[in-house]
Amino acid sequence: IDYKIADALSYGSVVFGLGCFDQKAQQLLNQKQIITQYYNNDEILVMKNAYLTAEGTLAIIINNTQKSLKNQNILILGYGRVGKALAKLLDDIGIDFSVATSDIQEFAHASVYVNHTYTLEDFEQDLLKFDVIINTVPKTILKGDKLQHIRKDAFVIDLASLPGGVDFDEAKKLGINILHYLGVPAKTAAVTAGQYLYESVKRALEKLS
């Protein structure tokens, strides 16, 4: 919701969006007594979308690699909602995977439920062994020397919001097979994603009324 949209909205209305882009827009919304509901504040929606993202990511891996999932060694960078959803799906189907995170709470959780755990500072040493690397961390993790350790036949998928978690220019120079894949739920499960949005709006309006 930017200033242009905020200016066009009616006084006292209710608006749903992903967030406010600037302080000026937020001030105008407040002045016009517009109730703002942000999808990212709905934990139920966020968790359901994390699962859809994980599910869609597996489909992308299948379509972009030449090995069975069972024969892939997978690394997940980050262990937030999407990372946990990915780990659950991979574990359910018996896939060997590892997790790297430097968040203390995430690392503590992963160390209990995941067989192979790294911090974001020490996973570089084992990068060569991974067939698939999935980044969920919204900051540049794969850069510099780390990119040098990724196999040319590996597949890297970046799910993080712009600008992503990979130095894409350097990765392309090195010939790394990489895909920055955003908005996964709408791309791979549009009907279900739409249903979840409907449910989110319905919950919010019921609370308001």
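The values are calculated or read from the model by the stated rules, or taken from the named source; none is laboratory data. Note that the coordinates shown come from a computational prediction; the quantities given were computed from them, not determined experimentally. FYI the Cβ positions are ideal-geometry reconstructions off the backbone, even for glycines, and counts take in every protein chain you see. Accessible surface areas use protein heavy atoms only, side chains included; no ligands, DNA or RNA. Shrake-Rupley method; radii C 1.70, N 1.55, O 1.52, S 1.80 Å.
When only alpha-carbon atoms are used, what values of Rg and Dmax, in angstrom, describe the range 118-195?
Computed over the Cα atoms of the range 118-195, radius of gyration and Dmax are 13.7, 43 Å.
How long are the three semi-axes of the equivalent ellipsoid for the range 33-88, computed from the Cα gyration tensor as the root of 5 times each eigenvalue, in whole Å, largest first? List each step's numbers first, then the result.
On the way: eigenvalues 191, 26, 12 Å².
Working through the eigenvalues yields semi-axes of 31, 12, 8 Å.
From the helices alone, meaning DSSP H stretches of at least four residues, give me the mean residue ellipticity at 222 nm for the chain, per-run term -39500 (n - 2.57), in deg cm²/dmol to the nearest 500.
Values: 9 runs with 93 residues, N = 209.
Counting only the DSSP helices, I get -13000 deg cm²/dmol.
In this model, which of Lys139/Lys173; Lys84/Lys139; Lys48/Lys172; Lys146/Lys172; Lys129/Lys187; Lys48/Lys129 are farther than 22 Å apart at the alpha-carbon?
Those over the limit are Lys48/Lys172; Lys129/Lys187; Lys48/Lys129.
Any aspartates and glutamates with Cα under 14 Å of the Lys67 Cα? List them, leaving off those in the same chain fewer than 8 positions away.
Those aspartates and glutamates meeting the cut-off are Asp96, Asp131, Asp153.
With a 10 Å cut-off between alpha carbons and a GNM built on the chain, which of Ile134, Ile150, Ile93 moves the most?
Answer for the Gaussian network model of the chain: Ile93.
On average, how much accessible surface per residue is there in the range 1-158, in Å², for a 1.4 Å probe, leaving out ligands, DNA and RNA? Please list the in-between numbers first.
Numbers: 8350 Å² over 158 residues.
Value returned for the range 1-158: 53 Å² of accessible area per residue.
Under a GNM of the chain (C-alpha, springs under 10 Å), which listed residue has the highest mean-square fluctuation: Ala186, Ala85, Ala160?
In the Gaussian network model the winner is Ala186.
Rounded to the nearest percent, how much of the accessible area of the chain (1.4 Å probe, protein heavy atoms only) is carbon and sulfur?
52
Evaluated at 4 °C with a viscosity of 1.567 mPa s, what Stokes-Einstein diffusion coefficient in µm²/s does the range 74-209 have when Rh comes from the Kirkwood expression over alpha-carbon pairs?
The diffusion coefficient I find is 80 µm²/s.
Could you tell me which chymotrypsin sites (Phe, Trp or Tyr not before Pro) in the range 95-139 are loop residues by DSSP with no more than 13 other beta carbons within 10 angstrom of their beta carbon?
Nothing satisfies the criteria.
Taking the Cα centre of each part, how many Å lie between the range 17-69 and the range 156-195?
If we compute the Cα centre of each part, the gap is 14 Å.
Write down, largest first, the equivalent ellipsoid semi-axes of the range 1-135 in whole Å, where each equals the square root of 5 times an eigenvalue of the alpha-carbon gyration tensor. Write out the running numbers ahead of the final one.
Numbers: eigenvalues 312, 53, 35 Å².
Equivalent ellipsoid semi-axes, largest first: 40, 16, 13 Å.
Given the alpha-carbon gyration tensor of the range 157-209, what are the semi-axes of its equivalent ellipsoid in whole angstrom, ordered largest first, with each equal to the square root of 5 times an eigenvalue?
Over the Cα atoms of the range 157-209, the semi-axes work out to 36, 12, 5 Å.
In the Gaussian network model of the chain, springs joining C-alpha atoms below 10 Å, which of Ser13, Ser68, Ser161 carries the largest mean-square fluctuation?
In this elastic network of the chain, the residue with the biggest mean-square fluctuation among Ser13, Ser68, Ser161 is Ser13.
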